[in-house]
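Heads up: the structure comes next, in structure tokens.
The values are calculated or read from the model by the stated rules, or taken from the named source; none is laboratory data. The model shown is predicted, which means the values in this text are computed figures rather than measured ones. Heads up, the Cβs are rebuilt from the backbone with ideal geometry, glycines too, and the neighbour counts pull from every protein chain shown.
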Amino acid sequence: MKKAKFSEKNLKISAGIPKEARNTLFWKRVLELLSVSSRKRVGVNVSRIAMYSKEGATVVVPDKVLGTGRLTSKLTVAAVSFSAGARQAIEAVGGKAITIVEAAKKSATGKDHIIIK
């Protein structure tokens, strides 16, 4: 496996994830997606999150969440960063916008989490 190359922001994220979480397959995959070149990553719109998620789920986005679209269900969204419109759309339906580190600390196994890229 190639050695991961992290930007300064993503390095802070990987350092903040607890050791027991870093050893699980779910969080290893998230860290792998964070190590991809920024040219290959594309922000995820709120509309895409709404298509693939269900009520009460935790969605992990290894990039920025953008504000195009609407949510209809209450979700917890963990991402690297959020646009102002995305944060507003998530909180308007009663959801939460948190960081990836906070999500890893809440659930070290990644059980019942969905990765959307």
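Worth a mention:
- Verdict on V65 being among the β-branched types (V, I, T), within 13 Å of the chain's Cα centre (by Cα), at pLDDT 95 or above and surrounded by 14 or more Cβ atoms within 10 Å (Cβ to Cβ): yes
Listed here are the residues, each with its yes/no results for (1) farther than 20 Å from N23 by Cα; (2) assigned to a helix (DSSP H, G or I); (3) touching a residue at least 40 places away in the same chain (Cβ under 8 Å).
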| residue | (1), (2), (3) |
| --- | --- |
| G69 | yes, no, no |
| K74 | yes, no, no |
| A79 | no, no, no |
| G85 | yes, yes, no |
| I90 | yes, yes, yes |
| V101 | no, yes, yes |
| A104 | no, yes, yes |
| G110 | no, no, yes |
| I114 | no, no, yes |
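- Of the candidates G43, G56, G16, the single residue that is in contact with a helix residue (DSSP H, G or I) (Cβ under 6 Å, 6 or more places away or on another chain) and either modelled with pLDDT of 90 or more or not basic (K, R) (or both) is G16.
- W27, sole failed condition from (1) surrounded by fewer than 19 Cβ atoms within 10 Å (Cβ to Cβ); (2) of a type outside the set (A, V, I, L, M); (3) within 19 Å of K117 (Cβ to Cβ): (1)
- For the stretch 81-95, the condition of being of a type in the set (S, T, N, Q) and touching a strand residue (DSSP E or B) at 6+ places or on another chain (Cβ under 6 Å) holds for at least one residue.
- Odd one out for R41, checked against (1) in contact with a strand residue (DSSP E or B) (Cβ under 8 Å, 6 or more places away or on another chain); (2) within 20 Å of Q88 (Cα to Cα); (3) surrounded by fewer than 20 Cβ atoms within 10 Å (Cβ to Cβ): (2)
- Every residue from the stretch 45-56 that is surrounded by fewer than 17 Cβ atoms within 10 Å (Cβ to Cβ) and either outside any helix (DSSP H, G or I) or among the basic types (K, R) (or both): K54, E55, G56
- Of all residues in the stretch 7-63, those that are closer than 17 Å to T76 by Cβ and small (G, A, S) total 5.
- Some residue of the stretch 108-115 being under 24 Å from A15 (Cβ atoms) and touching a helix residue (DSSP H, G or I) at 6+ places or on another chain (Cβ under 6 Å): yes
- Out of A108, A104, sole residue that is among the small types (G, A, S), within 13 Å of the chain's Cα centre (by Cα) and surrounded by 15 or more Cβ atoms within 10 Å (Cβ to Cβ): A104
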